[in-house]
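Below you'll find the structure, written out as C-alpha cells, and then a few comments.
The values are calculated or read from the model by the stated rules, or taken from the named source; none is laboratory data. Note that this is a predicted model, so its numbers are computed, not measured. FYI the Cβ positions are ideal-geometry reconstructions off the backbone, even for glycines, and counts take in every protein chain you see.
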Amino acid sequence: MDKERTKLSFSETITAKPADVYRAFTNRGMIRQWLCNNAQVDARAGGRLYLHWQQGYFASGEYTELEPDKEVAFTWQGKGETAVSNVHISLSGDNGTTQIELTHKNVGTDESWEQTRNELQQGWESGLSNLKAVLETGLDRRIYDQPFLGIFIGGTVSAEQAKELKLPIDGGIQVSGTMAGTGAEAAGLQNEDIVVNLGGSETIDFPSLRAALDPFKAGEKVKVTYFREGKKQHVMMLLSHRPVPNVPETPGAFAEELRDIYDQLDQELDTLLNGVTEAEASYNPAEGEWNVKEVLAHLIGTERVAQLGIATRITNGTLDGYPNNPPAWVKSITAVYPTLPDIVAAWKRTESETVALIAELPPEFVKQKINYLNTGNNLMIGLPGHSRTHFNQMREAIASARE
C-alpha cells in the first residue's frame, strides 16, 4: 500500500514516432521546448541531467537506463526535496503514434511531501500535455496559451543603467516598438519606453516579465507602469492573443515568401534613405543615441544572430541568450562598412544570406515542427516588426539632423 502511494503514474498518446519522443527526454534543446526553461543533459548511463524552471524550481539526477526509442530512466531530486526519487519512461509505437507510460517512483508519503507530490503530479500532467502539443502542432502551450504583450523588446535596463538615466528603479524592460493590432500599440507604448511593472508585479528582467504575465489571460486588461523620457506613467492595456504564423510547408516556399518580405522592407528602406547625405546618416541626435548607420549595423547584427540561432538548432544545439546591443559590435560593423551605400548593401546581403539558409533547411529540421514554426515566427513576424520600429528611429535621426 505504501509503495502504491509513493508512485505517480501518467499516460499520453502522441502522434509522433518513438524516436522523436525518445529525443524529447534525452536532447537538451528538445527538453527545454516542452518541460523546463533550461537543461543540461548527458544522455548516457551514468550521465547527469539538470533541469531548471524560471519560477525557481530545479531538479538534478542521473540517467540510469537508456534504450533508444523504447526506454528512459533517471534519478530525480528537486529543490527542497529531502530524498532521491526515480523517473521511468517506456515508449511503444504503432502506425505513427507513440504511447508514453511514465512513472515517478519513491516519492515521499509523509505530510512534508504533500506539496511536492501535488506539484510533481501537476508538472508531469501539464508537461506531457505540452509535449503532445509541441510534437503534433509545433506550438509550445507555455507560450501560445499565454497572453501576448505585443511589444518588441530592445533589451533590459540594469540597475546601473537606470542610475545613469536617473531613474528610481532596479531594472526594466526596454521597448523598441509595438506590433500592429496589439494591445501595446493601442495603449500607446513607444520606442525607448521602459516597462517597470505589469499588473502589480515588477518587471526588472525577462524572468520577472514572464512571471508577471502568468496570472493573466488573453482578453484581460492590466495596468502597465513605464518610464518615458524620465517620467513615470501608467496605462491600462488589453492583453492580446499570440499570433500563430502561417509558415509555408517547404523550405523553398518559405524562402520565397521570406524574400518577398525582405523585398518590401528594402523598398521601404530605400524610400526612407532617398536623398539622405553621409553627414545626415552619421548624425547622432544625442549622446548615446544611434545615427542611421549605427541603426543599420544593429539590424545587421540582429539578422546574424537569427542566422546563428537557426544554425544552432539545425545541429541540435541551443543558443543561450542574445547580445544586448554591445556598442563594440555596432562600431565594428560601421568600421567595415563606413559609408551609407556600403552598410545598406551589407544589410541587403545579410537578408539574402538568411533567405539562402532557409532554402537549405534539411528535411529533419522541417519535421521538428516547433523549430520550424518558431523560425517562421521570428523571421516572418518578429524581425520585420523589429526592423520597421528601427526605420522609425532612423526617420527621427534624419529629421533631427535636418533641423
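Counted as qualifying within region 315-403 are the helices (runs of 4 or more DSSP H) with 3 or more residues that are among the charged types (D, E, K, R) and over 27 Å from ARG32 (Cβ atoms), namely 340-359, 383-401. Screening region 171-189 for residues that are surrounded by fewer than 16 Cβ atoms within 10 Å (Cβ to Cβ) and not in a helix (DSSP H, G or I) and picking the one that is modelled with the lowest pLDDT gives ALA180. Among the residues that make up region 73-92, is at least one of them surrounded by 16 or more Cβ atoms within 10 Å (Cβ to Cβ), in the same structural domain as LYS17 (by TED's automatic domain parsing) and farther than 17 Å from TRP124 by Cβ? Looking for residues that are surrounded by 16 or more Cβ atoms within 10 Å (Cβ to Cβ), in the same structural domain as LYS17 (by TED's automatic domain parsing) and farther than 17 Å from TRP124 by Cβ, one finds none in region 73-92, hence no. Selection within region 3-39: residues that are surrounded by fewer than 19 Cβ atoms within 10 Å (Cβ to Cβ) and of a type in the set (Ser, Thr, Tyr). The member of this set that is farthest from the chain's Cα centre (by Cα) is THR6.
The residue of region 241-259 that is farthest from GLY219 (Cα to Cα), among those that are surrounded by 12 or more Cβ atoms within 10 Å (Cβ to Cβ) and acidic (Asp, Glu), is GLU256. Checked across region 110-125, the condition of being hydroxyl-bearing (Ser, Thr, Tyr), over 30 Å from THR6 (Cα atoms) and in the same structural domain as ASN38 (by TED's automatic domain parsing) holds for no residue. Does VAL134 count as more than 28 Å from the chain's Cα centre (by Cα), under 21 Å from TYR50 (Cβ atoms) and touching a residue at least 12 places away in the same chain (Cβ under 8 Å)? Against the criterion (more than 28 Å from the chain's Cα centre (by Cα), under 21 Å from TYR50 (Cβ atoms) and touching a residue at least 12 places away in the same chain (Cβ under 8 Å)), VAL134 does not qualify. Hey, does region 279-302 have a residue that's in contact with a Gly (Cβ under 8 Å, 6 or more places away or on another chain) and either in a loop (DSSP other than H, G, I, E, B) or outside the structural domain of THR389 (by TED's automatic domain parsing) (or both)? No.
For region 337-377, filtered to residues that are among the basic types (Lys, Arg) and either out of contact with any helix residue (DSSP H, G or I) (no Cβ under 7 Å at 6 or more places or on another chain) or modelled with pLDDT of 95 or more (or both), the residue that is surrounded by the most Cβ atoms within 10 Å (Cβ to Cβ) is LYS348. Checking each residue in region 216-235 for being surrounded by 14 or more Cβ atoms within 10 Å (Cβ to Cβ), outside any strand (DSSP E or B) and either more than 19 Å from the chain's Cα centre (by Cα) or among the aromatic types (Phe, Trp, Tyr) (or both) picks out only PHE216.
Test ASP266 against the stated conditions and say whether it is surrounded by 13 or more Cβ atoms within 10 Å (Cβ to Cβ) and either over 15 Å from LYS331 (Cβ atoms) or assigned by TED's automatic domain parsing to the domain that holds ARG395 (or both). Considered against the rule, which asks whether it is surrounded by 13 or more Cβ atoms within 10 Å (Cβ to Cβ) and either over 15 Å from LYS331 (Cβ atoms) or assigned by TED's automatic domain parsing to the domain that holds ARG395 (or both), ASP266 comes out as yes. Scanning region 197-209 for residues that are in contact with a helix residue (DSSP H, G or I) (Cβ under 9 Å, 6 or more places away or on another chain) and either of a type in the set (S, T, N, Q) or surrounded by 15 or more Cβ atoms within 10 Å (Cβ to Cβ) (or both) yields ASN197, LEU198, GLY199, SER201, GLU202, THR203, ILE204. Taking GLY78 as the residue in question, decide whether it is small (Gly, Ala, Ser), touching a Lys or Arg at 6+ places or on another chain (Cβ under 7 Å) and either under 25 Å from GLY29 (Cβ atoms) or free of Cβ contacts under 8 Å to residues at least 60 places away in the same chain (or both). No. Taking the condition touching a Leu at 6+ places or on another chain (Cβ under 9 Å) and of a type in the set (Gly, Ala, Ser), does SER282 pass? Here the answer is yes, as SER282 does meet what is asked. Can you say whether VAL366 is touching a residue at least 40 places away in the same chain (Cβ under 8 Å) and under 17 Å from GLY154 (Cβ atoms), as far as the supplied structure shows? Spelling it out, it is not the case that VAL366 is touching a residue at least 40 places away in the same chain (Cβ under 8 Å) and under 17 Å from GLY154 (Cβ atoms). For region 89-144, a residue qualifies if it is hydrophobic (A, V, I, L, M, F, W, C) and in a helix (DSSP H, G or I), and the qualifying residues are TRP113, LEU120, TRP124, LEU128, LEU131, ALA133, VAL134, LEU135, ILE143. Only one entry of LEU273, LEU213, LEU238 meets the criterion of being touching a residue at least 40 places away in the same chain (Cβ under 8 Å), buried (at least 18 other Cβ atoms within 10 Å of the Cβ), aliphatic (A, V, I, L, M) and farther than 20 Å from LEU139 by Cα, and that entry is LEU273.
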